[in-house]
1. Only one of 116, 164, 100, 136 is farther than 19 Å from residue 215 by Cα and hydrophobic (A, V, I, L, M, F, W, C); which?
2. Just give me the residues in the range 220-250 being more than 10 Å from the chain's Cα centre (by Cα) and in a strand (DSSP E or B), in sequence order.
3. Of everything in the range 115-138, what is of a type in the set (Ser, Thr, Tyr) and surrounded by fewer than 16 Cβ atoms within 10 Å (Cβ to Cβ)? Give them in sequence order.
4. Which of (1) outside the structural domain of residue 243 (by TED's automatic domain parsing); (2) surrounded by fewer than 19 Cβ atoms within 10 Å (Cβ to Cβ); (3) touching a Pro at 6+ places or on another chain (Cβ under 7 Å) is the odd one out, the single condition residue 52 does not satisfy?
5. Out of the residues in the range 251-269 that are hydrophobic (A, V, I, L, M, F, W, C) and outside any helix (DSSP H, G or I), state the one that is nearest to the chain's Cα centre (by Cα).
6. Any residue at all in the range 260-276 that's touching a strand residue (DSSP E or B) at 6+ places or on another chain (Cβ under 6 Å), over 26 Å from residue 333 (Cβ atoms) and surrounded by 14 or more Cβ atoms within 10 Å (Cβ to Cβ)?
7. Pairs under 6 Å by beta carbon, first residue more than 21 Å from residue 157 (Cβ to Cβ) and assigned by TED's automatic domain parsing to the domain that holds residue 146 in the range 206-235, partner part of a helix (DSSP H, G or I) and hydrophobic (A, V, I, L, M, F, W, C), six or more apart or different chains?
8. Please identify the pairs in which a residue from the range 301-317 that is closer than 15 Å to residue 193 by Cβ has its Cβ atom under 6 Å from the Cβ atom of a residue that is hydroxyl-bearing (Ser, Thr, Tyr), counting only partners at least 6 apart or on another chain.
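The values are calculated or read from the model by the stated rules, or taken from the named source; none is laboratory data. In this text the structure is predicted, and so the values were computed from the model without any measurement. Cβ: placed from backbone, ideal geometry, glycine included. Neighbour counts: every protein chain shown.
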Amino acid sequence: MFDLSACHVERTPHKDYLVTWHSLHPGQRVSVFMTDDPGLYYSGADRGLPVVETTNEQVVIANPDPLVRHYFYLLSEHGEGVVLAERRLPLEGTPNFRDLGGYVTGEGGRLKWGKLYRSSKLSGLTEDDLHRVRRLGLTLVCDFRQAVEQELDPTHLGEDHTHLLANLPVSPGSAQNFMENLHNGIIVVDNVSDFMLDMNRDFVHSQLPRYAEMFQLLLTGDQQVLIHCASGKDRTGFGSALILDVLGVPEDDIVDDYMLTNRYLPIDEEVERLAGQFADHTGAPVTEEVLRPLMEVRPEYIRACFEEIRKHYASKEHFYEAALDLDAARITALRDRYLH
């Protein structure tokens, strides 16, 4: 057996792959396979020959093509297997582009890699980035940004890229007025962390129809999905949390995924850059201490969403059906499609 919490793929400084794992049978031989098509590992097709066999619990594997994403299958000598890939895609133009694959559900299923992605805006993608993203085979892109955001930073993946672009604008509560003031360089709330909590609660109160639309699009076929907003942390964070929750991932693991944004976004740089560029309603400069709760994610932000759901719905099943139009049959269809 593999300890899935200790199985990871990361990039080395030379852009090769460092694959690490922990086996509950120390010293066992593990065969490592590599492909650019994760469906190979989920279909039961012939995996070909392993790229390495080892009794160690980590290995560096040369990257044969830096513009292609690779997936790994670890097979122990006892016959246990696990699929692995990088959590974050190494894109220069959007730092928070992540795969939701690999998470384990409460019933022991695992989310497939290469099917569900989340990210920040895509307008800064380089040509190499575009090549990498096009190779993902996306069929559905859900954009939670407002129209003005889309006009300023349009999503464009190339003329030859075929996908459905679904505009699902999300603007919880007073956030729209807040963002308008923010664009004008003014922060008019006294406690930004309280504002962020209220904003997340309002996802549940006012914005669920947009997320219900997202799920209906997921149900139209075997989609390769990307959901995104501007920074990929709040609107996308809630959307990702809903997807993971519906698929059966425990809440603590959903929070852990939500918190990865703090690792991947250059929050310290952004806070330092913006400090002094903003003023409060009196015209005084806004400090880094005020800005930080706005720029980062905190566990209490996403937990406020779950608390609000528990407060207003009798059960998860009631929430899924009443708010997201997901009955038991539709949830089973989603789980059959995105779990293995």
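1. 136
2. Answer for the range 220-250, where residues must be more than 10 Å from the chain's Cα centre (by Cα) and in a strand (DSSP E or B): just 225.
3. Answer for the range 115-138, where residues must be of a type in the set (Ser, Thr, Tyr) and surrounded by fewer than 16 Cβ atoms within 10 Å (Cβ to Cβ): 123, 126.
4. For residue 52, the exception is condition (3).
5. Among those residues, the one meeting the criterion is 260.
6. Checked the range 260-276: at least one residue is touching a strand residue (DSSP E or B) at 6+ places or on another chain (Cβ under 6 Å), over 26 Å from residue 333 (Cβ atoms) and surrounded by 14 or more Cβ atoms within 10 Å (Cβ to Cβ).
7. As it stands, the answer is 208/323; 211/242; 212/324; 215/324, since those pairs meet every condition given.
8. Close Cβ pairs (under 6 Å, with a partner that is hydroxyl-bearing (Ser, Thr, Tyr)) amount to 302/258.
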